[in-house]
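Student: Okay, here's the structure, questions in a sec.
Since every read-out is calculated from the coordinates, none of them should be taken as a lab result. Please read all numbers here as calculations on a predicted model, not as lab measurements. In this analysis, Cβ positions are derived from the backbone assuming ideal geometry, glycine residues included, and neighbour counts consider all displayed protein chains.
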Amino acid sequence: MLHQVTRCSALEARAIERRVRLLLPTSMSFRGVIVVGALISAWLLARDSGTGPDPPPPPSDSQQRHSEPYPSSRCPTPSPSTAAGTERGRSSLDHQRSAESSAPHAQQARAYTDTPVFQPGHAQAAAQAMPTPPASPARLRRPQPSHYPASAQTHGSSTYPTGNQIDDATHIIALQAQVRAGKDEISALEAKMSTLSMAMERADADAARVVVLREEVRNSELIISSLDTKLDALRSQARTKDQILSSTEARVAQLSAALERAEANAARVYALWTDARGSDAIIYSLDSKLEALREQSRNKEETIASLESRIVSLSAALTKIDQRPQRRGPMSPNSGQCERCTPPVHITAGKARGMWLRRQAETLNDEAGKILFDAHNPELVGPRARLRNEMRIDLHLQYRSAAVDYVKSYATSARAQGLNKLIFIVGKGLHSEDNISKLRPLVLDALKSLGMDARSPEYNIGEIVVKLQSKVD
């Protein structure tokens, strides 16, 4: 390397130093220095890669002993024509080489200025990973120096550099080392930039996925909210169904209890129906017997009427007897009259005897009326006596007071049992004086006094139909 560097003249070294000083302002940052170093390194590498004469071998010890020491003065300035040509060629060469190498290194510099400060520990690995910069096809060859300056010492046919040239070369070597270190750092930064670029791409992809995931999360939240709303609606429906089910179960329990009661009632009704069938047979037989008894009672009505007339005549006779003075003693027991018709012995006065006979007559009349009522209404006699709806109650041959008592008693009892209608037979009055019924108006008045609707049908005025549940003001 030292032999290659010594090819440049002192003038070239000073020109490089001036360019570097011009390119390095006092306020330039470390990144700017690295950029400038990269440019200089590219230029030097391009120039060093050119072909030229081999450097002269170093002088031997004998030649160095006989030679004069290197003068400390600077190299003399070449002739104006030679210097101008050399400067123009070097200027064009520098411009071309700068244009060739500025593009990739400018990109590296821009990438470096956009990245954080490089850590020195990564320089070696980055330098190993850095690819070799491509060679420019338009690179110019370094012009070969035609002569060394006059200040250079010669020994025979060889020319040796002076001390100033060696200092400049050393300075240039130091600059090259700095440039190479900067290149290593730039390479490491490029590797880091590529890594960061890949990380940024992955981050962008992750960000896109995050956006997609956010949209999916929003959609999921909307779906969850709609599902929550549907779940609340289903829960309210379930609560409503539970309430309906509980009410239905309660209703079913009530209906089950009612069904059990209905079955029990049906069993009782069946038993009652069975009993009723037997009772109907009994009733039919009793009805037939009743008809027979009614026939007998009709046959005996004339006898009873004659007995009544005889009782009335006897009552009138007794009244006359009571009004007459007592002319004879009491009747003997063997006189042919009943004991109940004979006053006691201690009743001697005529009035007392008459009153006693009247009471006896009333008692006999009551007993006779009871016998006649039982004969006409056998359904109301005995332990199985009961009232039924639309039942016919015969009041023939009854005294007025007894008939009214029977009507009030049976009408009140039937209404209390929930019956709707009864029929009282009072007769048409064919056996009464003037063929006018005496019981009919009395029975109607008694029923109306109880607040019941009672009237006689047109087809049979001898009957009174009373509606027990209808109230009449």
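Student: How far apart, in nanometres, would the label points at LYS467 and LYS438 be if each is projected 7 angstrom from Cα along the Cα-to-Cβ direction?
Tutor: About 3.2 nm separates the two model spin labels.
Student: While we're on this one: Which entries in the list LYS370/LYS438; LYS370/LYS448; LYS370/LYS421; LYS289/LYS471; LYS428/LYS448; LYS438/LYS467 go over 27 Å, if you measure between the two C-alpha atoms of each?
Tutor: From the list (LYS370/LYS438; LYS370/LYS448; LYS370/LYS421; LYS289/LYS471; LYS428/LYS448; LYS438/LYS467), the Cα-Cα distance tops 27 Å for LYS289/LYS471.
Student: Another question about this same structure. Using only the C-alpha atoms of the range 387-473, find the volume of their convex hull and express it per residue in Å³.
Tutor: Details: hull volume 7.6 nm³, N = 87.
With only Cα atoms used, the range 387-473 gives 87 Å³ per residue.
Student: So how much slack lies between LYS421 and LEU259, counting 0.36 nm per residue of separation and subtracting their Cα-Cα distance, in nm? Show your work: numbers first, answer last.
Tutor: On the way: separation 162, 0.36 × 162 = 58.32 nm, distance 3.22 nm.
Using 0.36 nm per residue and subtracting the Cα-Cα distance, I get 55.1 nm.
Student: Let me ask another. With a point put 7 Å past each Cα toward its Cβ, work out how far THR248 is from GLU367 in nm, to one decimal.
Tutor: The modelled label-to-label distance comes out at 7.6 nm.
Student: When we measure straight from the Cα of LYS351, which lysines land under 16 angstrom away, once same-chain ones fewer than 8 places off are left out?
Tutor: Leaving aside lysines fewer than 8 places away in the same chain, those within reach of LYS351 are LYS320.
Student: Additional query: Given the peptides 164-174, 252-262, arrange them by the average over their residues of other C-beta atoms within 10 Å, most packed first. Write down the numbers at each step before the final one.
Tutor: On the way: 164-174: 16.8, 252-262: 10.7.
Ranked by mean Cβ neighbours within 10 Å, highest first: 164-174, 252-262.
Student: Please give, to one decimal in nm, the separation of the simple spin-label points placed at LEU380 and GLU295, each 7 Å out from Cα toward the Cβ.
Tutor: My value for the distance between the label points is 2.5 nm.
Student: Right, something else. Going by C-beta contacts inside 10 Å, put ASP206, ASP394 in order with the fewest on the left.
Tutor: Lowest to highest Cβ neighbour count: ASP206, ASP394.
Student: Which order, highest average first, do 208-218, 437-447, 372-382 follow once you tally other Cβ atoms within 10 Å for each residue and take the mean per peptide?
Tutor: Going from most to least packed, we get 437-447, 372-382, 208-218.
Student: Can I ask one more? For a label point 7 Å from the Cα of GLU215 along Cα→C-beta, name the residues of the range 171-209 whose backbone N is under 14 Å from it.
Tutor: Counting backbone N atoms under 14 Å from the label point, the list is 207-209.
Student: While we're on this one: Out of the GluC sites (Glu not before Pro) in the range 383-473, which ones are loop residues according to DSSP with at most 16 other C-beta atoms within 10 Å?
Tutor: In loop regions of the range 383-473 (DSSP not H, G, I, E or B), the sparsely surrounded GluC sites (Glu not before Pro) are GLU390, GLU458.
Student: Using only Cα atoms, what Kirkwood radius does the range 362-426 have, in angstroms?
Tutor: Its Kirkwood hydrodynamic radius stands at 12.3 Å.
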